Amino acid sequence: MNQRLTELNDKYENLTYLDRLKALFEEFDPEKILVTTSFGGSSIVLLHLINKVAPRHPIHLIDTGYLFKDTHDYKQRLIDKLDLNIIDVHPRERSHDFTTKYRVWEGNSDFCCFINKVEPMNELKRGKDVWISGLLRFQNANRADKRLFETSKDLLKFHPIIDMGPEDLNLYRTIYELPTHPLQYEGYGSIGCVHCTKKGKGREGRWQGEVKSECGLHV
């Protein structure tokens, strides 16, 4: 697998963002390619690129039940604009209700994320060969050294825009006149669940007061 990873990274590294996705959809069975999105601030760029390469390819949103109303509104706006094929994925009802009843995010945010994000994601991965995500190196230290391809157990993870910087994202959105998540105008640099997201630059508004910097999907 290590040799395969090296070959893929070397092959895709010098391609444009669009050509990386074109190559992936040619090299792998589209039915085995999993795409997820959070409809956060930078999500629109990857969604727009995928829509160019594979229109109507299923794109999954892990709806934790705690997303901002603005995020749901933004999702609908992008569906209308790009004709996206969005599939909402929910946690198990009883488990989710448990986190609500006991406000689990206040005492154990890792457990809350596991129930509402990681478990549903693990189900989505079954039977897939490649998982496309929109991680960016500049977002935090955990992501700074990631390459285009990495392994997640028996699954390949592909980060086609990992080397985009903030200026690249802004330029892309400007060129294609893409809508901005409304909470970004209010000072939210990163947007997750309502209980664990505050205003702040970059991801500094996520899980404030905790050492945590990831929900568990990408560690």
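The values are calculated or read from the model by the stated rules, or taken from the named source; none is laboratory data. All values derive from a computational prediction rather than experimental measurement. Counting neighbours? That spans all protein chains shown, and the Cβs are built from the backbone with ideal geometry, glycine included.
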Margin query: Please count how many residues of region 133-172 are among the aliphatic types (A, V, I, L, M) and either at pLDDT 90 or above or over 25 Å from ASN2 (Cα atoms) (or both).
Written below: 8
Item checked: Those residues of region 44-75 which are charged (D, E, K, R) and under 26 Å from ARG20 (Cα atoms), in sequence order -> LYS52, ARG56, LYS75
Item checked: Among residues of region 88-101, those that are loosely packed, with under 10 Cβ neighbours inside 10 Å and either closer than 20 Å to THR197 by Cα or of a type in the set (Val, Ile, Thr) (or both), counted -> 1
Check: Which residue pairs have Cβ atoms under 8 Å apart, sit 6 or more places apart or on different chains, and have a first residue in region 51-62 that is buried (at least 18 other Cβ atoms within 10 Å of the Cβ) and a second that is among the hydroxyl-bearing types (Ser, Thr, Tyr) and in a loop (DSSP other than H, G, I, E, B)?
Finding: LEU61/SER38; ILE62/SER38
Note to self: Any residue that is of a type in the set (Gly, Ala, Ser) and within 21 Å of ARG206 (Cβ to Cβ) - is there at least one of those in region 80-95?
What the structure shows: no
Check: Could you list, in sequence order, the residues of region 9-39 that are of a type in the set (S, T, N, Q), surrounded by 15 or more Cβ atoms within 10 Å (Cβ to Cβ) and over 14 Å from ASN51 (Cα atoms)?
Finding: SER38
Next item on the list: Identify the single condition in (1) closer than 19 Å to LEU135 by Cβ; (2) surrounded by fewer than 14 Cβ atoms within 10 Å (Cβ to Cβ); (3) among the β-branched types (Val, Ile, Thr) that THR6 does not satisfy, given that it satisfies every other one.
Entry: (1)
Note to self: Quick check on my filter: what residues within region 156-182 are surrounded by fewer than 17 Cβ atoms within 10 Å (Cβ to Cβ), outside any loop (DSSP other than H, G, I, E, B) and either in contact with a strand residue (DSSP E or B) (Cβ under 7 Å, 6 or more places away or on another chain) or free of Cβ contacts under 8 Å to residues at least 40 places away in the same chain (or both)?
What the structure shows: PRO166, GLU167, ASP168, ASN170, LEU171, THR174, ILE175
Margin query: Need the failing condition index for VAL104 against (1) surrounded by 14 or more Cβ atoms within 10 Å (Cβ to Cβ); (2) within 15 Å of the chain's Cα centre (by Cα); (3) free of Cβ contacts under 8 Å to residues at least 12 places away in the same chain, just the number.
Written below: (2)
